[in-house]
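Peer 1: My questions will all concern the structure given below.
Nothing in this text is a laboratory measurement; each read-out follows from the coordinates by a stated rule. Model, not experiment: these values are computed from the prediction.
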């Protein structure tokens, strides 16, 4: 996430001044990997996003869609869409790791979002589903 400073700005009592015209970049990937905010950040832990854990974190430490008036316009649609897709897949298929998948997973660095290098899974239909052939 980048912004352009439209005027000079002094950061409180820090002695730091941001000059007009400076590009300000928020290192979202680094924030999401900071163990100060996310203990054991490399570990897949969905519980870190439940209400109890979220309430312990400082505001704006998790920014998958940015924040404020210029955040991602498609955020709400994307969240609903992924929930519908996951519900459909999980209710209709059994997902298993294939032997080609390396454990632990290796991840691509510097992509903005956490992405595995390679992951292979097999899907087995849970029932006779006419939609999927």
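Peer 1: Running a GNM on the chain with Cα contacts under 10 Å, which residue among 50, 71, 92 ends up with the highest mean-square fluctuation?
Peer 2: Its mean-square fluctuation being the largest, the pick is 50.
Peer 1: Cut-off 10 angstrom, C-alpha nodes, Gaussian network model of the chain. Which of 74, 21, 66 fluctuates the most?
Peer 2: In the Gaussian network model the winner is 21.
Peer 1: Then there's this: Over its Cα atoms, what ratio of radius of gyration to 2.2 N^0.38 Å does the chain give? The partial results should precede the final answer.
Peer 2: Working: Rg = 20.2 Å, N = 133, 2.2 N^0.38 = 14.1 Å.
Ratio of Rg to 2.2 N^0.38 Å for the chain: 1.43.
Peer 1: Defining a contact as two alpha carbons under 8 Å apart and six or more residues distant in sequence, what relative contact order in percent does the stretch 23-72 show? Numbers along the way, then the final one.
Peer 2: Numbers: 25 pairs, mean separation 16.8, N = 50.
Relative CO of the stretch 23-72 lands at 34 percent.
Peer 1: Let me ask another. Percent relative contact order of the chain, based on C-alpha pairs within less than 8 angstrom and at least six residues apart? Walk me through the intermediate numbers first.
Peer 2: Working: 124 pairs, mean separation 21.5, N = 133.
After rounding, I find 16 percent.
Peer 1: To continue, here is another question. What full-extension length gain, to one decimal in nm, is calculated for residue 99 and residue 36 as 0.36 nm per residue of separation minus the Cα-Cα distance?
Peer 2: Numbers: separation 63, 0.36 × 63 = 22.68 nm, distance 3.47 nm.
Value of the extension gain: 19.2 nm.
Peer 1: Pull up the DSSP beta bridges for the chain and report the antiparallel fraction as a percent, rounded to 5. Before the final figure, lay out the partial values.
Peer 2: Details: 12 of 13 bridges.
Here the share of antiparallel DSSP bridges comes out near 90 percent.
Peer 1: Something else: To the nearest 10 degrees, how steeply does helix 75-92 sit against the main Cα axis of the chain, on a 0 to 90 scale?
Peer 2: 20 degrees
Peer 1: Follow-up question, since we're still on this one. Quick one: among 18, 73, 26, which has the greatest mean-square fluctuation in a GNM of the chain with alpha-carbon springs under 10 angstrom?
Peer 2: 18
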